[in-house]
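The next block holds one structure in the form of structure tokens; read it before the comments.
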Amino acid sequence: VLGIDIDDARVQVRDLQRNKTWWEPYDQCLIATGASPIRPPIPHVDAEGIHTINTLQTGIQLWEALEEAAPKQIVIVGGGYVGLEMAEALLKRDIQVAMVEMMPQVMPTVDPDVAEPVAQTLREAGVDLYLEEKVEGFEAVDGKVQGVVTSERTLPAKMVLLAVGIHPNSQLAADAELPLGVRDAIKVNERMQTPVTGVWAAGDCVESFHLVSRRPTYQGLATMANKQGRVAGLNLGGEYATFPGVMGTSITKFGETEIARTGLQTKEIEAIGWEYAAVTIDSHTRARYYPGSADIRVKLLAEKGSGRLLGGQIVGGEDAAKRIDVVVTALHAGFTAGELLNLDLAYAPPFSPVWDPVLIAARQLIKVV
Ligand SMILES: Cc1cc2nc3c(=O)[nH]c(=O)nc-3n(C[C@H](O)[C@H](O)[C@H](O)COP(=O)(O)OP(=O)(O)OC[C@H]3O[C@@H](n4cnc5c(N)ncnc54)[C@H](O)[C@@H]3O)c2cc1C
């Protein structure tokens, strides 16, 4: 789709195979153009051998490039969840991984004390981790990448994976003069409607409403894209449905280490200016004596005074991360730390200590809110 003509309710379509362009009329139009990986405007960013990954097709391209070039080493730029997951996959192919991250920690969507064990796991797995180093450009010879230039050094690299975040594909909407919001994502209401009658938008291309901060936010994840798509579809089909907003929940893993977060992290609360209390506890995923019990760290944040929960983060071994769903549910319910503490969560030694780690954190939190 090359353009949307709102006045005449039609979209301009180009058939890429037959090289044909025409205008297609619509009764209702849903913009679901997703997001694209960010390619920062730095020297030689388009050199051959510098990959991004966001679709099955780019995954296949990367796979084929790996088969063909058989690189011994790859530099991953970005220590977020895509960088982490790709690092795991590349290590499994016996490829040496160097990871460059401009922040002082990996996984910038969790607080430093939760990210720290992740960095440790990466290093133990053999990843060369370069924190607080910004990639300023690439070295290229004959259009092919040869190195990654950071603020501190040049890392030799015949293949690079850029995983530094995404931006919404909102150009079609912008050209049609639809309003954009946070990070240029398309503004929609709870029914996924743009302000133009008959034009809807959903998924990675739209702005969302954050249910804890009560502010607009942008978060490109399949969980919300699917729910928004369902709501948009129901409304398009003549029903009435709403998507109230997002909590900022996400989950990933590197090797045996699981990581999850929901709500607001410390820097987001501080940016809003709310007073808060935070606790971080270390416990076990099962009764300590039970086989397979793994370490787990839980961080909870709550508003000072009211005790209203603001967010939670988890890092740990097998079965650690999905516990975040308890925190998510508590946030949706508007629970205080005390209300969370009273939850009758399930216990038997193969599943949890008597006090589930989330409840241990809540027990500490009520002392400081
Ligand atoms: C490596 C990776 C791992 C991920 N893992 C997770 C995960 O574990 N959990 C999770 O919740 N989310 C995950 N995500 C995010 C998830 O993939 C997205 O949130 C989800 O795909 C968004 O769905 P969407 O339909 O909005 O956009 P997309 O799935 O991106 O679909 C948009 C489609 O629109 C097409 N398009 C764009 N512009 C035009 C145009 N002008 N004309 C015609 N077609 C157009 C695109 O080609 C694309 O096919 C991951 C993303 C990546 C890249």
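Throughout, read-outs are computed from the coordinates displayed, never taken from laboratory work. All values reported here derive from a predicted model rather than from experimental measurement. Methodologically, a virtual Cβ is constructed for each residue, glycine included, from the backbone with ideal geometry; neighbour enumeration extends over all protein chains shown.
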**Study point:** Enumeration of residues in region 61-97 that are in contact with a Gly (Cβ under 9 Å, 6 or more places away or on another chain) and either more than 28 Å from Val110 (Cα to Cα) or of a type in the set (Lys, Arg) (or both)
**Key:** Ala65, Ala69, Pro71
Review point. Considering region 211-246 alone, what residues qualify as being away from the ligand (no atom under 16 Å from the Cβ) and buried (at least 19 other Cβ atoms within 10 Å of the Cβ)?
Key: Val212, Ser213, Asn235
Point to revise | Subset of region 1-51 [within 16 Å of the ligand (Cβ to nearest atom), touching a helix residue (DSSP H, G or I) at 6+ places or on another chain (Cβ under 9 Å) and in a loop (DSSP other than H, G, I, E, B)] | key: Val1, Leu2, Ala32, Thr33, Gly34
**Study point:** Test result for Val135, farther than 30 Å from Lys227 by Cβ, touching a strand residue (DSSP E or B) at 6+ places or on another chain (Cβ under 7 Å) and within 16 Å of the ligand (Cβ to nearest atom)
**Key:** no
**Study point:** Hits in region 64-116 (condition: charged (D, E, K, R), in a helix (DSSP H, G or I) and surrounded by 17 or more Cβ atoms within 10 Å (Cβ to Cβ))
**Key:** Glu88
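Say we look at region 193-204 and pick out the residues that are aliphatic (A, V, I, L, M) and over 21 Å from the mean Cα position of the chain (by Cα); which of these is surrounded by the most Cβ atoms within 10 Å (Cβ to Cβ)?
Among those that are aliphatic (A, V, I, L, M) and over 21 Å from the mean Cα position of the chain (by Cα), it is Val199.
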Point to revise | Criterion violated by Trp274 - all others in (1) aromatic (Phe, Trp, Tyr); (2) touching a residue at least 40 places away in the same chain (Cβ under 8 Å); (3) surrounded by fewer than 20 Cβ atoms within 10 Å (Cβ to Cβ) satisfied | key: (2)
Check your understanding: Which one is nearest to Glu101 (Cα to Cα), of the residues in region 117-154 that are assigned to a strand (DSSP E or B), small (Gly, Ala, Ser) and touching a residue at least 60 places away in the same chain (Cβ under 8 Å)?
Key -> Gly137
Exercise for review: Residues being closer than 15 Å to Ala278 by Cβ and part of a loop (DSSP other than H, G, I, E, B): count how many of those fall in region 327-369.
Suggested key: 1
